[in-house]
1. Can you tell me how many residues in the stretch A:393-437 are closer than 30 Å to A:S282 by Cβ and either in contact with a strand residue (DSSP E or B) (Cβ under 7 Å, 6 or more places away or on another chain) or assigned to a loop (DSSP other than H, G, I, E, B) (or both)?
2. Could you tell me how many of the residues in the stretch B:227-258 are facing chain A (nearest Cβ under 10 Å), open to solvent by 10 Å² or more (accessible area, probe 1.4 Å) and either touching a residue at least 40 places away in the same chain (Cβ under 8 Å) or among the aliphatic types (A, V, I, L, M) (or both)?
3. Report yes if some residue within the stretch B:301-316 is more than 14 Å from chain A (Cβ to nearest Cβ) and among the aromatic types (F, W, Y); otherwise report no.
4. Would you please name the residue that is nearest to the other protein chains (Cβ to nearest Cβ), looking only at residues in the stretch B:449-466 that are open to solvent by 20 Å² or more (accessible area, probe 1.4 Å) and assigned to a helix (DSSP H, G or I)?
5. Keeping to the stretch B:263-287, report how many residues are open to solvent by 30 Å² or more (accessible area, probe 1.4 Å) and within 13 Å of chain A (Cβ to nearest Cβ).
6. Give all pairs with beta carbons closer than 6 Å in which a residue from the stretch A:437-455 that is at pLDDT 95 or above meets a residue that is among the acidic types (D, E) and crowded, with 17+ Cβ neighbours inside 10 Å; count only pairs at least 6 apart in sequence or on separate chains.
7. For A:L470, indicate whether it is in contact with a helix residue (DSSP H, G or I) (Cβ under 8 Å, 6 or more places away or on another chain) and more than 7 Å from chain B (Cβ to nearest Cβ).
Number of protein chains: 2
Amino acid sequence: MLRKLNTLKQFGNLNFTACAAYHSTRKIPDLTRDRYSVKRGDYGTLTNDDIKYFESILSNRCITDKNDIEMHNIDFYYSYRGSSQLLLKPKTTEEVSAILKHCNSRKLAVCPQGGNTGLVAGTTPIFDEIIISMQLMNNIERVDEASGVLVCQPGCVLEKLEEHVSQHNLVMPIDLGAKGTCHIGGNVSTNAGGLRLLRYGNLHGNVLGIEAVKADGTILDLMSNFKKDNTGYHLKHLFIGSEGTLGVITKLAIACPPASKAVNVALVGLNSFEDVLKTFTSAKRNLGEIMSACELMDHQSLRFSVDHYKLNSPIGEYPFYLLLETSGSNLKHDEEKMNSFLESSLARGDIQDGVVTNETVKVRQIWAIRELLPTAKINEKYFFKYDISVPLSRFYEIVPVMREHLGDSVCDVQGFGHIGDSNLHVHIICDEFSDEIYKRIEPFIYEYTAKMKGSISAEHGIGFQKKELLKTFKQPEALHLMKELKSVMDPNHILNPYKVLCD
Amino acid sequence: MLRKLNTLKQFGNLNFTACAAYHSTRKIPDLTRDRYSVKRGDYGTLTNDDIKYFESILSNRCITDKNDIEMHNIDFYYSYRGSSQLLLKPKTTEEVSAILKHCNSRKLAVCPQGGNTGLVAGTTPIFDEIIISMQLMNNIERVDEASGVLVCQPGCVLEKLEEHVSQHNLVMPIDLGAKGTCHIGGNVSTNAGGLRLLRYGNLHGNVLGIEAVKADGTILDLMSNFKKDNTGYHLKHLFIGSEGTLGVITKLAIACPPASKAVNVALVGLNSFEDVLKTFTSAKRNLGEIMSACELMDHQSLRFSVDHYKLNSPIGEYPFYLLLETSGSNLKHDEEKMNSFLESSLARGDIQDGVVTNETVKVRQIWAIRELLPTAKINEKYFFKYDISVPLSRFYEIVPVMREHLGDSVCDVQGFGHIGDSNLHVHIICDEFSDEIYKRIEPFIYEYTAKMKGSISAEHGIGFQKKELLKTFKQPEALHLMKELKSVMDPNHILNPYKVLCD
C-alpha cells in the first residue's frame, strides 16, 4: 500500500566535517607509502628558506604544526596517510601562482586539496608533498539569476553554494552526500557525479569557465559566462577530472539550472532486481523530464544506514529499495505523474510498498537514509569501496558475485548507487584493513567489471588507489597521450604526484 | 488573439544538399588564398607516387577529377574556395590511420571534411590540402534503447541519425538547420550548438566516447558507453570543438535522451525587445523543464524566410517573433502549461498575437520558417555571417547598432538566434562580397561584442575566418597552451592548417 509519509524521524543533511570530528578516536592508518611500498619521486626537500619564502607571501596561512596538518594528511575514510610537513592556505589566484612558481623552480611536489572527501586517495599526500588547501579561497563573486551563471572560488563548500544560489531561485547542477564538506573545486577537478547527474548532466556540460594555475605559476584565464563559446580549443576540460595533476583551479563559472517549484520523493520496496529494472524503465517513460534522481539501495545498505543513525525507516523489509525524486514546475502535474506511475507499478506488482512526500522536511528525511549511508560505522569498520559503471541489465550482478567470492572473510558486501546513470557503488566492509582480503578483492572485482564491459571508475576517479589499474584497463596509446599532456603542462611533475599516472 | 494553427503551407526540413544542388549556377568565389593573401605553409607537394599509395589503400575512393572535387573545395555559402587536387573517401578507421600516417611522413597537409556546412571556412582547404571526406564512414553500429547510447561513424548525416534513433524512442541531443547535410562528426569536431542545447546541454556533456586518429596515424580508443567514466584524463574533449586540427574523429558514442511523447510549438509576435525578455523569463518560469527551444527572429528575418520560400506566415507583422517549443511526457499537462503561459502573456500585453500547435506536420511548418531562414536567397546575395554570445539584457543591441553603422551600404541586417542560450546570429546581406564593406564590419562588430563582454564565436567556431581574432580576444597564455597541444598532437601541423591557430 502506498502511503503519504508522515512519521520519519527528522534528520539533517550529511555533513562530512561532523563525522570527521570524532575521527580523532580512530586508529591512525599506516603511512600509505609503507602499506603500498611506494618509492619517493626525485623531488626537492623542504628547507627553512622555502618556508620563509611561503611566509613572505602567506604570512600566518603557512602551517607547520603537526597537529594542524594531521587531518590534511589523512583521508576521510582513514584509509590513507601522507607525511606532509607544510600546509599552505592561499586566498587569491596570485598567491597560488606564486606558490607554484616557487615549487616548480625548486621541484617541490604539491598536493592540492579541497574538502578532502575524495575516495581514491587523490586528495592526501603520499610522501611529504606540500598541501595547498583551497579552503580559504571560498569567495562567491556573483550569481546572475537571469542567466543562471555562478562565479566563485574553488574552495566554496558545495552546500554553501546550494544555499546561496537558492536565494536566486537556482540550484547547483551537482549534489552529493559529501556536500557539507566537499569543495566545488574538488568536485570539478574530479568530475564528481552524484545525485543530480541524471537530470542536469555532468560537469563537462555545466562548467562554463575555469581559471587555473599551471605548474609553473602561469595563470590561465579560461573563464566564460556563456553556454556557447567556441573560441579555440576547449582547454577548460583539461582541468575537469584530471584530479589536480595538470593545474590548480582558482576560479569557476558554473551554469545553475532554475530551482524547481515542486519536489516529490518516493521510497519504494521491491522484491527482485528484475522488478527494479522494470520500475526504472517505467519511471523513465512516465516521469520523463521531471525525474531528477533514481537511487538503488539493497536491503543491507538501507538497514546499515537506518540502524547506525537510528532513523525510523518508513518502509518494511524488501530485498531492494528505489528512491525516486521528481523536480518540476507544477506541483499538481508532478503529483499526478508520480502517483499515476506509483499506482500502476503497484498494480502490476513491480513494487510492493512505498511512501511518497512533497514536504521539504520529509523529503530530506528520506534523502538522509541514502546520503548518510556511506558514512555509517565509518569509525568502527574498514571499507573497501568500489565505484563502477556497468550495463543496466547487469547492474547488480557483481554484488552477489562478491558475496559468494568472499564468503565469511568480510562482514558485509553492500550494493547501492545511481542506477539512473548505470553507476554502482560496492562497499565491502571488514573489521580492519587486511592485505589478504585486499588481494582477494583486487584485481578480481575490476576484472569482473571489465568482463561486463563496465568502467573501473564511474565518478570517484583514479587518484593513488587505481592508477596501476590504468595500465591494464586503459589503451596504451591513450595512456601515452595522458603522459604527453602531463609533460607539457607540468614538466617537473610537481602537481599531485603518485596520482592518476604511473611513472 | 491566440489561435490554433491550421493554415500553414506544408514545408519539409531544410536540406543543405538540395540548396547546394543549384549552386552550380552561382558565381565561383575567389580563391581564399588570394582574397585574404594567405601564404602557403611549408608542406610537401602531392606526387603521383602519393596518389598511387592512396589508391593502393582506397582503390577508386581516391578522387582526382576536378569537377568531382569542386564542391568539396567551396564552402556552402560560396564564400571560400580552396584548390585541393585530391579527395579521399575512407570507409574505416584503419584507412584513416593509413592515410594520416603517410601524410605525416610526407608532410602533406590534409583537410578533414564532414558535410561541409560549416560557416567559418573550417571545412574547405585553403591551398592544396588533401581533402579527407568522411561521407562514406556512415555506419550506425548500434543503438541501445534502455541506456540511450548510440554508437556510429562520424560521417552519419544528423537527420539520418535522428530518424534512426526515433525508431528506438530516442532523440538526438543536437538539432540544427543543416541537419539534412551536416555530419555528426563535424558537429562534434566543431562543438555545434543548435536548437536543442537549451534542453539537452552541449556535446561536451552528451558525447560519451570518441575514437580518433592522431596526425601520425595513431588510433586513440576513447570510447565509453557510460555517462560516468572517470578513468584518467578526459581526452575525448580535446577533439570536441578543435575543428579537426588535433585529430580526425572516426567513431562516436552519444547519449540520446528519450523521445518526448508530446511536442507543442508556439509562434508569437511581440512589440519590443523588452517584451521579448519578459516573455522569455516567464517561459523559463512557467514552462520550466518542458521548454525545449526558444528562438528569436526579428521582423526582417522572418519575412526574409517567408518571402523567399513562399511560406504562409501564420502570424501578422510584428517587430519580433519568438518560436517556443515544449517537449514533454504528458500532452495534457504540457498543453495546460503552454496555454496558461501564452494566455497570461497575452493578458499582460507581453505578446500581441500567436499560434500554437501540437500536430506534427504543423510543428514542422513553423520550424521551417526558422530553419530555412539561413538559406533564403543564398544563391543571390553575399552573406557576412556573425555568431556571437551576448548577455541576455543586451541580446539584440548590436543589430540596430550595425544598421546605423552600415546604413545603405548593405541590403539588410538581420538578427535572429537562440535567445535561450544567449546566442545571436547577425546576417549582413550584400549583393556581393566587397572588401570595403568587409572592413567596415570587421573588426567593429567583434570589438562591440567584446565591449559587451560577449563571445566572438558562440557555436560556429573559429575556422579560417576568425583565427586572427584570437590574437586579440584570447588570453596569450591560453593561446600558447593551444599551440603546445597542437605541437604534441600534430607536430608537423598537417591537420587542417590555416585554421583555428595562427602561425
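1. Of all residues in the stretch A:393-437, those closer than 30 Å to A:S282 by Cβ come to A:393-403, A:413-427.
In the following step, the residues that additionally are either in contact with a strand residue (DSSP E or B) (Cβ under 7 Å, 6 or more places away or on another chain) or assigned to a loop (DSSP other than H, G, I, E, B) (or both) were identified as A:395-399, A:402-403, A:413-420, A:422-427.
The number of residues fulfilling the criteria is 21.
2. Residues that pass the stated criteria total 5.
3. There is at least one residue in the stretch B:301-316 that is more than 14 Å from chain A (Cβ to nearest Cβ) and among the aromatic types (F, W, Y).
4. It comes out as B:A450.
5. To start, the set of residues in the stretch B:263-287 that are open to solvent by 30 Å² or more (accessible area, probe 1.4 Å) comprises B:263, B:271-274, B:277-278, B:281, B:284-286.
If we keep only those that are within 13 Å of chain A (Cβ to nearest Cβ) as well, we get B:263, B:277-278, B:281, B:284-286.
Adding up the residues that qualify gives 7.
6. Note: pairs meeting the criteria are A:S455/B:D229.
7. Values: in contact with a helix residue (DSSP H, G or I) (Cβ under 8 Å, 6 or more places away or on another chain): yes; more than 7 Å from chain B (Cβ to nearest Cβ): no.
In short, no.
The rows are residues; the columns are (1) assigned by TED's automatic domain parsing to the domain that holds A:L235; (2) part of a strand (DSSP E or B); (3) touching a Ser or Thr at 6+ places or on another chain (Cβ under 9 Å).
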position	(1), (2), (3)
A:K251	yes, yes, yes
A:N264	no, yes, yes
A:G269	no, yes, no
A:E274	no, no, no
A:T279	no, no, yes
A:G288	no, no, yes
A:E295	no, yes, no
A:K332	no, no, no
A:E336	no, no, no
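The values are calculated or read from the model by the stated rules, or taken from the named source; none is laboratory data. Source: prediction; values computed, not measured. Counting neighbours? That spans all protein chains shown, and the Cβs are built from the backbone with ideal geometry, glycine included. Quick note on the areas: whole protein, heavy atoms, side chains included, nothing else; ligands and nucleic acids left out. Shrake-Rupley method; radii C 1.70, N 1.55, O 1.52, S 1.80 Å.
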